[in-house]
1. Restricting attention to the stretch 251-267, does a residue exist that is assigned to a loop (DSSP other than H, G, I, E, B), at pLDDT below 95 and of a type in the set (Asp, Glu)?
2. Given the criteria crowded, with 21+ Cβ neighbours inside 10 Å and not in a loop (DSSP other than H, G, I, E, B), does Leu211 qualify?
3. Working only within the stretch 375-387, note down all residues that are over 15 Å from Gly357 (Cβ atoms) and hydrophobic (A, V, I, L, M, F, W, C).
4. Please pick out the residue among Gly303, Gly259, Gly268 that is open to solvent by less than 40 Å² (accessible area, probe 1.4 Å), under 17 Å from the mean Cα position of the chain (by Cα) and under 27 Å from Pro362 (Cβ atoms).
5. Considering only the stretch 1-36, how many residues are within 18 Å of Val331 (Cβ to Cβ) and among the aliphatic types (A, V, I, L, M)?
6. Taking Ala239 as the residue in question, decide whether it is part of a helix (DSSP H, G or I), within 20 Å of Gly260 (Cβ to Cβ) and either touching a residue at least 60 places away in the same chain (Cβ under 8 Å) or touching a strand residue (DSSP E or B) at 6+ places or on another chain (Cβ under 6 Å) (or both).
7. So the check is Cβ under 9 Å with 6+ separation or different chains; which pairs have a first residue in the stretch 72-90 that's free of Cβ contacts under 8 Å to residues at least 24 places away in the same chain and among the hydrophobic types (A, V, I, L, M, F, W, C) and a second one that's in a strand (DSSP E or B) and open to solvent by 20 Å² or more (accessible area, probe 1.4 Å)?
8. Suppose we filter the stretch 132-147 for residues that are touching a residue at least 24 places away in the same chain (Cβ under 8 Å) and among the acidic types (Asp, Glu); how many remain?
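The values are calculated or read from the model by the stated rules, or taken from the named source; none is laboratory data. Here the structure is a predicted model, which means the values were calculated and not measured. Heads up, the Cβs are rebuilt from the backbone with ideal geometry, glycines too, and the neighbour counts pull from every protein chain shown. All accessible areas refer to the heavy atoms of the entire protein, side chains included, with ligands and DNA or RNA removed. Shrake-Rupley method; radii C 1.70, N 1.55, O 1.52, S 1.80 Å.
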Amino acid sequence: MAVRILLAPDSFKESLSARAAVAAMTCGTQASGVDPLDIDPCPLSDGGEGFIDALHHAIPHLDRVTTRTRGPDPQDATDNVVSLGLLEESADAPRTVFVEMAQSAGLAQVPRDRRDPERLSTFGVGQAILAALDLQPDRIVLGVGGSATVDGGAGMAQALGARFFETDAEIAPPIPAAQLQGVSRIDLDGLDPRLSATRLEVWCDVDNPLLGEHGAARVFGPQKGATPDAVVRLEHGLANLAKHIRNATGRDIAATPSGGAAGGIAAGAVGMFGARIVPGADALLDAAGFDARAAQADLVFTGEGSLDAQSLAGKLVSRVAQRAARQGAPVVALVGRIDADAATLADLGLAGALEIGPGLPPAESIRRAPQLLEDAARRVAAAWPAPAPGLRAICWPA
């Protein structure tokens, strides 16, 4: 009887898309010597980079529509070509357009030496939502993650008709996050009226609030190039934005669960547009029919760039592990870096975790990621059902 291996990775930030990760895992498992072998490819996303690609794999009849938007850097005049996913209305689903934030405000779009979330904007995300509204949907799903920005969605709102004022002067779009501290008033009367007639969902992968120790600025700002002083300024700016959103709408977004996702764009969408936040990983796993596929698998490979304490906060790897475990399928995470102890890995529900390039500098690991991931998949598959060398085994099957 063939050994069935389900390949269900997220993207590896700045290195591999989920589809490329599946390709590397496929080559590795095919070279493992396991015979007969049945490979089930299932590239995934929790809302961040690769969201539209993963949706298209999960929903083959999803149509792609292209548009153009600005990128996150106002000094870069080059437009992005952005893919939207269009799901036509059916008996069991409304007409839906899927928007991937990372295509218009993604970290990968900004060179390392220009990463400064204080000067970047989500204006292009608002442009993508405008293009989505032109398709006359009943529902828009905004997948967020992998962002370069910490502007609370202010730039997005400007593109959709919101106006931000500093004393009596209107702030010209696109508003950089550095100006959020000076905002004295928000006028939402000019928002595109189609927003109020369209259900807006934000799919995201973390449960961090907008503000505080675990908020958007303090947790994610440094990952996007913010200095310690910039983190303090970004926190003050987001707090000021939340205050004026409350003044304008009555909605208090400061402690909204998951509001801190993608630089606070989730909280901004809730506060300014009345959006609903949805756990992105579970939504896409449902769309992919993951549970039924895991029930047929002897082994599941997942993976992402870094496995750490944040992975417990609803990120895709943890949801893959937990849902596969309910189906009796062991899950091994193949990752660029492990920054978690055995207790954390056990809490994630993993059978094991393996660093694909242990000891390598991050830049080298990123450059060699396809080959490293292929080799890791080969070694684990070849050793199964015993632990492969270097694997941090938690509850490996006998």
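1. Within the stretch 251-267, not a single residue is assigned to a loop (DSSP other than H, G, I, E, B), at pLDDT below 95 and of a type in the set (Asp, Glu).
2. So Leu211 does not fit the description; no.
3. Within the stretch 375-387, Ala381, Ala382, Ala383, Trp384, Ala386 qualify.
4. Gly303
5. 11
6. No, not satisfied.
7. Val81/Thr66; Val81/Thr67; Val81/Arg68
8. 1
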